[in-house]
Amino acid sequence: MDTSTPESPPAALLAAALAARARAYARYSQFAVGAALMDEQGRIHAGCNVENAAYPEGLCAEAVALGQLVLAGGTRVTAVLVAADAATPITPCGGCRQKLREFAAGGAVPVWSANTQRVLARHTLAELLPASFGPDHLGPR
Ligand code: THU
């Protein structure tokens, strides 16, 4: 049963993000992150951050989760949850906001922030990335 409310995420989304976080390769920052995305079919795709000795080559959890969604044939992101062991709510970095925007079902897509204890915040993608640039700006394809 989906016990989520408009303010609270689906339990499966939170569980997937926390499970992904446990797999993080955060050797350099020690900051393990998990992300979970819901697609247009209600399926959940998760990712963790994957760092690299060449620091800028590291991948954010959101980017890894997006790759999973696309690989599984997903075309739209309908909900996002990011989890890290942080006291203040962690939101996707600027680059990941843009990456998520490419596949977002709209600006109202919820982006929850959680730590290992509880859900800390909920934003919409449009709040995190207002007046965003997207595929429509490039014209029909
Ligand atoms: N990180 C994410 O994976 N997602 C976020 O939303 C913020 C930051 C990662 C990148 C890096 O591996 C570590 O967290 C510290 O910045």
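The values are calculated or read from the model by the stated rules, or taken from the named source; none is laboratory data. Because the structure is a prediction, the values reported are computed rather than measured. Cβ atoms come from the backbone with ideal geometry, glycine included; neighbour counts cover every protein chain shown. Keep in mind that these areas ignore ligands, DNA and RNA; they rest on the heavy atoms of the full protein, side chains included. Shrake-Rupley method; radii C 1.70, N 1.55, O 1.52, S 1.80 Å.
Quick one: accessible surface of residue 119, probe radius 1.4 Å, all protein chains present, in square angstrom to the nearest 10.
Approximately 50 Å² of residue 119 is accessible to the 1.4 Å probe.
In Å², what does the accessible area per residue of region 11-127 work out to with a 1.4 Å probe? List each step's numbers first, then the result.
Values: 5670 Å² over 117 residues.
Spelled out: the 1.4 Å probe surface of region 11-127, per residue, equals 48 Å².
Hey, got the dipole for the chain? About the Cα centre, +1 on K and R Cβ, -1 on D and E Cβ, debye to the nearest 20? Write down the numbers at each step before the final one.
On the way: 11 positive and 11 negative charges, 25 e Å.
Computed about the Cα centre, the dipole is about 120 debye.
Quick one: pull the percent of accessible area on region 11-127 belonging to carbon and sulfur, 1.4 Å probe, ligands and nucleic acids left out.
Working: 3090 of 5670 Å².
In region 11-127, the share of accessible area belonging to carbon and sulfur is 54 percent.
Where does region 67-138 land on the Kirkwood hydrodynamic radius, alpha-carbon pairs, in angstrom? Please list the in-between numbers first.
Numbers: mean 1/r = 0.0781 Å⁻¹.
After inverting the pairwise mean of 1/r, the radius is 12.8 Å.
Report, in cubic angstrom per residue, the convex hull volume of the C-alpha atoms of the chain. Don't skip to the end; give the middle numbers.
Numbers: hull volume 16.6 nm³, N = 141.
Cα convex hull per residue, to the nearest whole number: 118 Å³.
For region 26-76 and region 92-128, write down the distance between their C-alpha centroids in whole Å.
Here the two parts' Cα centres lie 13 Å apart.
Could you give the length gained on full extension between residue 53 and residue 138, defined as 0.36 nm per residue of separation minus the Cα-Cα distance, in nm? Spell out each step's value before the answer.
Details: separation 85, 0.36 × 85 = 30.60 nm, distance 3.59 nm.
Stretched fully, the residue 53-residue 138 segment lengthens by 27.0 nm.
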